[in-house]
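Below you'll find the structure, written out as structure tokens, and then a few comments.
The values are calculated or read from the model by the stated rules, or taken from the named source; none is laboratory data. Just so it is clear, the structure is predicted and the values come from calculations on it, not from any experiment. All Cβ positions, even for glycine, are placed from backbone atoms using ideal geometry, and neighbour counts span all protein chains on display.
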Amino acid sequence: MKSLLWLVLAIAAIVNVASSFAFDGVEQILVSSVTGLAAITTATALYLTRDRRTA
């Protein structure tokens, strides 16, 4: 599960960066919004599924 989340996070980041070079205007905003939401969601899921260690 964590491997899939890391993969989705990496792909979302790459597509988000590439969209600024490939698209203009509304298309770029829509692609960046979707990939940004995917990145935030997967980062949150990774944070919630982390190993909790006590000191």
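Among the residues of segment 1-31 satisfying the criterion of being over 26 Å from Arg50 (Cα atoms) and among the polar types (S, T, N, Q), which is modelled with the lowest pLDDT?
Among them, the one singled out is Ser20.
Taking only pairs six or more apart or across chains, which ones have beta-carbon atoms under 9 Å, a first residue in segment 6-17 that is on the phi < 0 side of the Ramachandran plot and touching a residue at least 40 places away in the same chain (Cβ under 8 Å), and a second residue that is among the aromatic types (Phe, Trp, Tyr) and not in a helix (DSSP H, G or I)?
Partner pairs satisfying both residue conditions: none exist.
To keep it simple, each residue is scored yes or no on (1) aromatic (Phe, Trp, Tyr); (2) assigned to a helix (DSSP H, G or I); (3) under 12 Å from the mean Cα position of the chain (by Cα).
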residue: Trp6; (1), (2), (3): yes, yes, yes
residue: Ala12; (1), (2), (3): no, yes, yes
residue: Val15; (1), (2), (3): no, yes, yes
residue: Ala18; (1), (2), (3): no, yes, no
residue: Gln28; (1), (2), (3): no, yes, no
residue: Ser33; (1), (2), (3): no, yes, yes
residue: Ile40; (1), (2), (3): no, yes, yes
residue: Arg52; (1), (2), (3): no, no, no
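Name the residues in segment 18-55 that are exposed (fewer than 14 other Cβ atoms within 10 Å of the Cβ) and in contact (Cβ under 8 Å) with a residue 40 or more places away in the chain, would you?
Thr49
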